[in-house]
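The values are calculated or read from the model by the stated rules, or taken from the named source; none is laboratory data. From a predicted model like this one, the values you see are computed outputs, not experimental measurements. Here the Cβ positions follow ideal geometry from the backbone for every residue, glycine too, while neighbour counts run over all protein chains shown.
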Amino acid sequence: MSEIIRILPDHIANQIAAGEVIQRPASVIKELVENAIDAGASKIDVFIKDAGKTLIHVVDNGIGMSEIDARVCFDRHATSKLKSAEDLFALQTKGFRGEALASIAAIAHVDMVTRQDSSDVATKIVIEGSKVVEQTVVSAPIGTSFSIKNLFFNVPARRNFLKSEAVEFAHIEDEFLRIVLAHPSVHFTLTHNDVNKYTLPASNLRKRIVDVFGRNYNDRLVPIEVVTGIITVVGFIGKPEFARKSRGEQYLFVNNRFFKDTYFNHAIVSAYDNLMASKAFPSYFLYFEIDPATIDVNVHPTKTEIKFEHDKEIYAILKSGTKQGLGKFNIVPTLDFEQETSFDLPWDMMNKPAVEPSIRVNPNYNPFQSAPPKSAIKSSGASPALQNLGFGAPKVDPASWENFYDVEEDEEQEQEVQQSKLLEVEEVEEVSKRSKFLVHGQILYSTVKSGLMAIHTVAAQERIIYDEIMSSFILQPIESQQILFPIDYALSRADIELWGSYQKTLNQLGFFWEVSDTGISMYGFPNYFQETELLSAVSLIDQQVKDDQIDKGEMAHNFILSMSSVAARGKRDWDEEACSNLLERLFQCPEHQYAPSGAKILASVNAQDLF
Ligand code: ADP
Ligand code: MG
């Protein structure tokens, strides 16, 4: 018997690896520019000829390489960025595989000149098809420059597969923009066939976006800043009216690395529901900052797909963060919204061990007796979950919520008129002592310094309950209450299975059940429900569980949305204390203009506009 297995020589292995890493000229540019960033460059110039087919030249002013490293860097698995397997979980660099230069050198002619600060001279290496053909000492500035010529010279199938110059240049531009948007503090230029395409001086993020996409972008962007224990998301989203017909500027970055994610894209885009045409694509530039140990960038050779340990929570955070941003932008222009709102989950929450959902049994609870007051709108002594967790804790004392909606007086204009009116308003206030009254059992009117404000109680409750459930869902299971007479709900075997697949999510939301012969017996409910709502809550869950149109990841958010909608519709006894409570809690919500379903919560009128 003769052996037939052979170890491939390096240059063949590299050529095969190159097929994965280097698909087209744009991939070379991506790898070289990322290396330059990893080398700490503050200025990176890219020159290309014929969309990179003839020449790709990248010059950086980074740390450069020693004579020995200059030679070694072209070996496969040669990297300065990873020393041990543990480093994989704390990656801060773009590269780490040590594959790019080996791959490029295997399929092109490469000239590299590199010099470190500590050296007076530079090393020049010329390499063709993995073979070093020249190594010399030359003079050059500090940093590294790569010239890649005759790409795919020895892989004709690849070379012939390349598209037209316009298409290849479009790919290059895509890669280039992904990098420049992730690194606004680095100066970049891109020159194609001696024509300068981009000159992007070091700046901040907003300026970088405007430098890339044009000055009119400045008015199209809404800032986003969400700080939670799991993730920090900052950046900009586009105003809905500027959404485009084709997928346009949609950028996600995690720890300054561009990535694609249809799941998160869905979270962001669905926050625009009802705000733009259904076929439109909003633009967004969102930057995640997250503990590298909770993501896996290793799933794809070109690393644009990333796995997130907390993807469900991030989905919910993204969706409500985007909605919040849009809500802030949708404001009534005459009102003053200086109050900065942001999610602010304390970091140490993440380090706490996951809490098993627990059930608190209330032996006195009987759904057939008149309901004890157990709504989410508790007395003011009870600390709302959001407040406890610092989730959107307002920076303004909630007790003085009246001030949030005071119209800022323009002192320069009509000063005299204003003063007489102000006086009137204050008098009205003095008389009314900020009185509140309920009309049609649903609309709560209250005086504010500048006039009158109307609050839709159902929409307000929906917002309060939604925020409360959402924050609990993210950080801890929602408190569940066991009822004396469980609600039996008929389900087929298959549907029981289906419910089972959402058990973890539903338990976390406070729902507990036992399986019976004919269906399920629901005995644990989150405590914000009134007894009369229990059955509708079960059937709502059932509808959603069976709706295969709903994305699985969307499910938790959908549950929360419909739970808050059901719970908000429950009848309440609106006495003076309940009304005060409602207002107080509403103004602790970061978004208090709109309910999560999109319904408007409040309207106000300035007293001076009335007469
Ligand atoms: P990786 O980036 O995954 O480490 P590469 O093959 O892209 O692998 O690069 C190999 C090594 O060469 C890098 O780890 C780095 O040490 C060095 N290197 C590559 N490009 C540059 C550069 N522009 N400036 C300084 N060092 C570089
Ligand atoms: Mg690299």
On the given criteria, is THR304 within 17 Å of ALA316 (Cα to Cα) and modelled with pLDDT under 90?
no
What number of residues within the range 1-60 are assigned to a helix (DSSP H, G or I), aliphatic (A, V, I, L, M), closer than 22 Å to HIS77 by Cβ and modelled with pLDDT of 95 or more?
5
Those residues of the range 113-142 which are buried (at least 24 other Cβ atoms within 10 Å of the Cβ) and under 39 Å from the mean Cα position of the chain (by Cα) amount to THR114
Assuming ASN160 fulfils every condition listed in (1) surrounded by fewer than 17 Cβ atoms within 10 Å (Cβ to Cβ); (2) touching a strand residue (DSSP E or B) at 6+ places or on another chain (Cβ under 9 Å) apart from one, which condition is it?
(2)
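Residue by residue, here is whether (1) in a loop (DSSP other than H, G, I, E, B); (2) under 12 Å from the mean Cα position of the chain (by Cα) holds:
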position: ASN218; (1), (2): no, no
position: ILE224; (1), (2): no, yes
position: ILE230; (1), (2): yes, yes
position: GLY235; (1), (2): no, yes
position: TYR251; (1), (2): no, yes
position: ILE268; (1), (2): no, yes
position: ALA277; (1), (2): yes, no
Going through the range 226-255 one residue at a time, which ones are more than 18 Å from ARG206 (Cα to Cα) and charged (D, E, K, R)?
GLU241, ARG244, LYS245, ARG247
Take the range 175-208 and flag every residue that is without any contact (Cβ under 8 Å) to a residue 24 or more places away in the chain, closer than 19 Å to GLY248 by Cα and surrounded by 15 or more Cβ atoms within 10 Å (Cβ to Cβ).
TYR198
Scan the range 80-131 for residues that are on the phi > 0 side of the Ramachandran plot and more than 10 Å from ligand 2 (Cβ to nearest atom) and jot them down.
GLY129, SER130
For the range 65-72, does any single residue satisfy the condition of being within 15 Å of ligand 2 (Cβ to nearest atom), crowded, with 16+ Cβ neighbours inside 10 Å and within 30 Å of LYS307 (Cα to Cα)?
no
Can you confirm whether the range 212-231 contains a residue that is within 25 Å of VAL58 (Cβ to Cβ) and not basic (Lys, Arg)?
yes
For the range 73-99, enumerate the residues that are within 7 Å of ligand 1 (Cβ to nearest atom), crowded, with 18+ Cβ neighbours inside 10 Å and within 23 Å of THR136 (Cα to Cα).
CYS73, THR79
Among (1) crowded, with 16+ Cβ neighbours inside 10 Å; (2) assigned to a helix (DSSP H, G or I), there is one condition GLY510 misses while meeting the rest; what is its number?
(2)
Among the numbered criteria (1) more than 13 Å from VAL21 (Cβ to Cβ); (2) in a loop (DSSP other than H, G, I, E, B); (3) of a type outside the set (Gly, Ala, Ser); (4) at pLDDT below 95, which single criterion is violated by ILE63?
(4)
Against the definition (in a helix (DSSP H, G or I), more than 31 Å from the chain's Cα centre (by Cα) and touching a residue at least 24 places away in the same chain (Cβ under 8 Å)), how does ILE68 come out, yes or no?
no
Given (1) within 13 Å of ligand 2 (Cβ to nearest atom); (2) surrounded by fewer than 15 Cβ atoms within 10 Å (Cβ to Cβ), GLU34 misses just (2)
Looking at ILE48, ILE12, which is the one that is more than 10 Å from ligand 2 (Cβ to nearest atom) and closer than 22 Å to ALA182 by Cα?
ILE48
Residues of the range 562-587 that turn out to be at pLDDT 80 or above, in contact with a Leu (Cβ under 8 Å, 6 or more places away or on another chain) and in a loop (DSSP other than H, G, I, E, B), as a count:
0
Going through the range 513-553 one residue at a time, which ones are more than 23 Å from ILE474 (Cα to Cα), touching a Ser or Thr at 6+ places or on another chain (Cβ under 7 Å) and not in a loop (DSSP other than H, G, I, E, B)?
GLU514
Within the range 580-590, is even one residue over 13 Å from ILE464 (Cα atoms) and touching a residue at least 24 places away in the same chain (Cβ under 8 Å)?
yes
